[in-house]
Amino acid sequence: MKITAVKLYKMCIPLIAPFKTALRTVESIENVVVTLETDEGATGFGEAPPTAVITGDTIPSIAGAIRGFIAPKLIGRDVESVDELHDVIEGSMVHNTSAKAAVEIAVYDLVGKRWDVPLFKLLGGAKDRLETDITISVNDIDTMVRDALDAVARGFRILKVKVGSDAAQDAERLLAIKSAVPADTVLRVDANQGWTPRQAVRIIRRLEDAGVDAELVEQPVKAHDIDGLRHVTANVSTPILADESVFSAADALHILNTHAADLINIKLMKTGGLYNAMSIASIAKTCGVECMMGCMLEGNVAVTAAAHAAMARGVITKIDLDGPALCKSNPVVGGARFEGRFILPSEGAGLGIQRIEGLIPLEV
């Protein structure tokens, strides 16, 4: 099965409510969708969100990278040569990890279709369902408490609470949510690089003393501040999850070797696709460290790929794949199925995606 064409589209989906973090506010998903067509009639689907504040990628840069640098190197290549295709995509240019991830997701989709098997089984098949958290955007305290209660009413057991926009208020936000939700609700805290190391230690210790018992705190300090991250990890009891500090397998190895974090958050848009994501998972397993599989406001193409990767590796024990649950609609026919807080794969081959409705052809 050989690749014959690469096409680009835009997928637009309004969110149920604005998505607010310490880094950005988003009201709708506007992501790039890539399709790989083959000489046997199969189509592979991939997706990339423009997350400029984290990966540096925008819609024009993603489209330009794929069309100008990646796509010309793929035409005529056999989809079964996954290792070779990974090297071609990875070596096409530096950075541009979201563009690389979108194309590689489509490649893996085609590999699953070539062998008529769901992708998670092809990758390892450790489990066949996942439980995701759901994001509570940073807002005033009353709004965050209301959103947390709404999420619990929808059946979600794990809340990922965004903070970091105002360190003076962050502990109050979390204390209010903790007192409002049922006692068995799991709280994950995501500061999105919003604290200094000293602020992080002070806030996390206050939460510990107050009995908030957060499951983890994600990326409390700036991504480049590995010494600061290590300082926080060494001076609190709550597990610290490295997110924006880890793009590559080399990043993960450095974080783990220097004990800068207790956990690693894997995101396909940071790693450049499934191949590198699996490498990070293997490194973490070797080091005895668990991983989270996360997303960046992705639709049900990229989230499906991430879900398959998470299902394939037992070391990926925490799931933050709530992108589709935050959307008003789902234009993707097939793919992963959301049943409340649980994610299940489709029975189809590859990603199990049949088509995507309402795509807009993307011109560069």
Hits in the stretch 11-51 - residues which are over 19 Å from LEU362 (Cα atoms) and aliphatic (A, V, I, L, M): LEU15, ILE16, ALA17, ALA22, LEU23, VAL26, ALA42
Members of the stretch 94-110 found to be surrounded by fewer than 24 Cβ atoms within 10 Å (Cβ to Cβ) and more than 21 Å from LEU362 (Cα to Cα), listed by number: VAL94, HIS95
Hits in the stretch 66-93 (condition: among the charged types (D, E, K, R) and either closer than 19 Å to ALA249 by Cβ or crowded, with 18+ Cβ neighbours inside 10 Å (or both)): ARG67, ASP83, GLU84, ASP87, GLU90
Matching entry among ALA302, ALA277, ALA261, ALA250 (being closer than 20 Å to GLY340 by Cα, at pLDDT 95 or above and of a type outside the set (Asp, Glu)): ALA302
Search result, residues across the stretch 313-324 that are of a type in the set (A, V, I, L, M) and in contact with a Lys or Arg (Cβ under 8 Å, 6 or more places away or on another chain): VAL315
Qualifying residue in the stretch 312-322 (condition: closer than 27 Å to LEU256 by Cβ, touching a residue at least 40 places away in the same chain (Cβ under 8 Å), charged (D, E, K, R) and not in a loop (DSSP other than H, G, I, E, B)): yes
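The values are calculated or read from the model by the stated rules, or taken from the named source; none is laboratory data. Being a predicted model, the structure only gives us computed values, none of them experimental. Glycine also receives a Cβ, built like all others from the backbone with ideal geometry; neighbour counts cover every protein chain displayed.
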